[in-house]
């Protein structure tokens, strides 16, 4: 009996040595906070645009400071440093932890890991110590995780400075549509050849790893009308002129832009603020469009400028076609012509803001922005 028991125990021990330890499975849930951010970086102010992303990157272990008290948000990243970040995303996603350490040269361990796991291909980069571009960062981060965890939440078809022939265009568009990239303006300008800074990398990292940080975008295109370039969603059709009004609309994004101009020699030498008070401007707008089945309410008017040109910006809501639209109206006098541009969006505040901030008169956007 003792011999039999000994044999059974020996077999059990041998079996246990053959069974591998349970490893973490591939999952977005593997991204967990591992540190506490206590505003320790003296060069990252509370009001800095990237502070929320820098905080998350530190807490989740994606990035560290350049020193214990400095983050260097505007500092450039090298290709090697960008690969390190992509590796961390991949390793945490697949194993639940980050274990890679420096080699010789310091980045070799990370390059080897990236090659072995298909994050990069041999010959992708001529120098690992060169400054990384925004396009290269998009390439690396889009390949760090499976495409299945970066589903499309946007429908971005065109970008001002990225075409099918642009290097890394496929990865760039996939990150735009996943809500990871948003562009540097309302038109989605990406600047693929510019060097990426640490703050920008932090924003991209958090959006790749944390789906709740991803952004919905409604990118704009410009439609020329007189001396104005009206920003409308890329999904908008061609503009038409009817009964003296110019209009362009997007059924997909539920947005409308309507413009009208009146010419009178008596306008010459005046700006809009000399002829109307803010209150009278609100009333004039409500009256001007009442004949077009638009009822305005909660109107408020403030002065803005397009360069040296003074204008009024009136905000409120409009009842149009039985729908309640939020609206922004710009009114200004240029020479002997008074122009009025009405922007409306139905339950799409992002689109309305982008339309307002993308409007250009005489080549200049409004100040302050909406």
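The values are calculated or read from the model by the stated rules, or taken from the named source; none is laboratory data. These figures come from a predicted structure and were not determined experimentally. Cβ atoms come from the backbone with ideal geometry, glycine included; neighbour counts cover every protein chain shown.
Does at least one position in segment 313-331 carry a residue that is surrounded by 13 or more Cβ atoms within 10 Å (Cβ to Cβ) and farther than 23 Å from residue 233 by Cβ?
No: zero hits.
Out of (1) without any contact (Cβ under 8 Å) to a residue 24 or more places away in the chain; (2) closer than 30 Å to residue 336 by Cα, the odd one out for residue 232 is which?
All conditions pass for residue 232, except number (1).
Look at residue 35 and say whether it is in the same structural domain as residue 137 (by TED's automatic domain parsing), surrounded by fewer than 22 Cβ atoms within 10 Å (Cβ to Cβ) and farther than 16 Å from residue 199 by Cβ. Don't jump to the end; show me each part of the working.
Details: in the same structural domain as residue 137 (by TED's automatic domain parsing): yes; surrounded by fewer than 22 Cβ atoms within 10 Å (Cβ to Cβ): yes; farther than 16 Å from residue 199 by Cβ: yes.
Taking the combined requirement at face value, the residue satisfies it.
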